[in-house]
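The values are calculated or read from the model by the stated rules, or taken from the named source; none is laboratory data. This is a predicted model, so every value here is computed, not measured. Neighbour counts are summed over all protein chains in view; Cβ atoms, including those assigned to glycine, are modelled from backbone coordinates with ideal geometry. Each accessible area value is taken on the protein alone, full model and side chains, heavy atoms only, with ligands, DNA and RNA left out. Shrake-Rupley method; radii C 1.70, N 1.55, O 1.52, S 1.80 Å.
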Amino acid sequence: MTSRRDFFKFAGIAGGAVAATSVSRVAMAALPEPVIQTSPDTMAPLVPNSGRPYNPVVTLNGWTLPWRMNQGVKEFHLVAEPVVREMAPGFKAHLWGYNGQSPGPTIEVVEGDRVRIFVTNKLPEHTSIHWHGQRLPNGMDGVAGLNQPAIQPGKTFVYEFVARRPGTFMYHPHADEMTQMAMGMMGFWVTHPKVKNPLIDEVQRDFCFLLNAFDIDPGSYTPKIMTMLDFNLWSWNSRIFPGIDSLNVRLNDKVRIRIGNLTMTNHPIHLHGHEFLVTGTDGGPTPKSTRWYEVTTDVAVGQMRQVEFLADEEGDWAFHCHKSHHTMNAMGHNLPTLIGVDHRGLSKKINNLIPDYMVMGERGMADMTEMEMPIPDNTAPMMTGEGPFGSVEMGGMFSVLKVRRDQKPGDYKDPGWFKHPEGTVAHEYEGPLSEPARFKAEGGQSMPRAQTPSQPTEVKVRKPQSHNGH
Ligand SMILES: [Cu+2]
């Protein structure tokens with residue numbers, strides 16, 4: 001983790017009254033200097049040094065935007081601009097975002113705070129920001145054309161409203177949304193409760209991240225913006241496994257995780273080893289009578305979910321989207337299933353016709369992680385991640401919850417791999433084996449097959465159509 005002090009600085013100019021929507025050059029001098037951050041590291045929580053106190057969140061592979069107090073108003077400065085985001089080590093994407101990153105910085109305020117946000121547009125086209133889920137005056141809702149004129153390139157607009165209810169929110173453009181969200185423009189917003197709220201528990205760790213998705217051809221840098229469903233990179237805060245940091249907690253910490261979905265499909269988010277309660281949605285804290293324990297919660301499109309649990313089991317616990325195609329990275333998916341097809345000799349024959357043809361998957365796809373298969377530059381492997389026992393064979397929306405007895409309070413450093421107590425790891429059995437029980441009823445008590453084909457089905461091997469779909 002990098003020290004936040006490096007970039008926690010503002011121009012010490014007192015803010016003037018900024019009433020007009022479009023800010024003049026003179027008024028620009030009164031803007032808080034924008035804070036830019038380009039490291040993909042998870043930054044330490046930003047402990048508030050002005051305004052009402054609160055327990056800050058930790059943004060996975062992200063950071064919280066510092067503010068300036070100006071006569072009781074919290075002032076932030078967001079800059080919409082092209083950014084380079086390292087999505088995983090060895091793979092950089094050319095995206096659009098805010099203040100040097102996609103997603104933009106998390107904004108943290110306290111219920112009742114008056115908030116003023118300057119938005120400077122450094123994109124090649126107009127934009128706007130919608131404050132997803134907030135109660136605010138209609139003219140601050142950010143839908144270009146409906147609530148305000150679009151912010152033209154080079155212009156700065158100012159939004160101002162009171163954060164009226166505590167909860168988990170997002171921000172994103174509401175102008176050429178298809179392009180701008182496909183390019184990574186979005187950010188997280190947390191409004192902390194002002195006083196003790198019976199529905200909001202105090203926690204020791206409070207994590208947040210956005211679910212997002214990109215369609216970037218292997219070997220290229222810029223997302224395709226017309227894609228509606230066929231995304232090939234499923235990310236948390238524009239990072240893909242193994243680029244997503246682990247969530248490191250102390251044994252018996254109460255943990256909250258806030259998740260927002262700005263992709264175009266739902267994501268069943270699943271935690272191993274613990275049960276959690278869904279304690280909040282877009283509408284705020286959930287009534288206690290509606291809470292029940294789960295290990296997976298579906299986060300639908302445009303939704304926020306806030307889950308809480310007691311981290312009382314030591315270990316390295318997988319935490320991921322349960323759609324199996326969302327835990328892998330870009331690769332051709334137009335492959336027939338070849339499990340059980342013996343193509344020894346066959347690939348040689350095909351290679352005489354198509355020299356670069358490769359047969360894959362005769363024993364499943366796990367071989368892919370070990371195969372020395374050439375991939376283009378600037379591409380993340382499809383299934384990867386070296387764990388203490390070998391390849392984890394994952395990608396995309398996957399991370400690890402690390403629960404440790406000796407993790408210090410407030411310490412978010414990666415403690416390394418879990419050291420399992422003697423005799424608590426699944427291992428090879430080397431004793432005698434008896435015949436395992438197998439299902440034997442087919443054709444007996446179940447219904448027998450009515451027709452049999454005149455000749456056995458023949459499996460034909462087809463050449464994969466392309467390597468860039470997903
Ligand atoms: Cu998913």
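Largest first, please: the extent of the C-alpha atoms of region 70-168 along each principal axis, to the nearest Å.
Between the extreme Cα coordinates on each principal axis of region 70-168 lie 43, 28, 25 Å.
In region 73-230, with Lys and Arg counted as +1 and Asp and Glu as -1 at Cβ, which of these residues, MET87, THR120, THR222, has the Cα nearest the positive end of the dipole, that is, farthest along it?
THR120
Hey, what's region 44-175 come to in accessible area per residue, 1.4 Å probe, Å²? Walk me through the numbers before you get to the answer.
Numbers: 4190 Å² over 132 residues.
Averaged over the residues of region 44-175, the accessible area is 32 Å².
Could you look at region 89-131 and say what percent of its accessible area is carbon and sulfur, using a 1.4 Å probe and all protein chains? Intermediate results must be reported in sequence, preceding the final value.
Working: 520 of 1040 Å².
Reported share for carbon and sulfur atoms: 50 percent.
Can you pull the one-decimal nm distance between simple spin-label points at ASN138 and GLN204, each 7 Å off the Cα toward Cβ?
A separation of 4.9 nm, rounded to one decimal place.
Starting from the alpha-carbon convex hull of region 201-254, give the projected area averaged over all orientations, in nm².
Values: hull surface 22.0 nm².
The directionally averaged projection comes out at 5.5 nm².
Å³ per residue of the Cα convex hull, for region 235-309?
Spread over its residues, the Cα hull of region 235-309 gives 101 Å³ apiece.
Among LYS92/LYS224; LYS288/LYS402; LYS288/LYS408; LYS196/LYS254; LYS74/LYS413, which pairs are too far apart, with a Cα-Cα distance over 25 Å?
LYS288/LYS402; LYS288/LYS408; LYS74/LYS413
Just subtract the alpha-carbon distance of SER289 and LYS224 from 0.36 nm times their residue separation and send over the number in nm, one decimal. Don't skip to the answer; put the middle values down first.
Numbers: separation 65, 0.36 × 65 = 23.40 nm, distance 4.39 nm.
Full extension of this stretch gives 19.0 nm more.
What distance in nm lies between label points placed 7 Å from Cα along the C-beta direction at LYS122 and MET178?
2.8
If you roll a 1.4 angstrom probe over the protein chains with everything in place, what fraction of the accessible area of region 135-255 belongs to carbon and sulfur, to the nearest %?
Numbers: 2440 of 4410 Å².
Looking at region 135-255 in its full context, I get 55 percent from C and S.
Considering only protein heavy atoms, what per residue accessible area in square angstrom results for region 198-306 with a 1.4 angstrom probe?
Numbers: 4000 Å² over 109 residues.
On a per-residue basis, region 198-306 sits at 37 Å².
Would you compute the Debye intensity of region 164-265 from its alpha-carbon atoms alone, equal scatterers and no solvent, and pass along log10 I(q)/I(0) at q = 0.12 Å⁻¹ to two decimals?
Log-scaled intensity ratios, in q order: -0.52.
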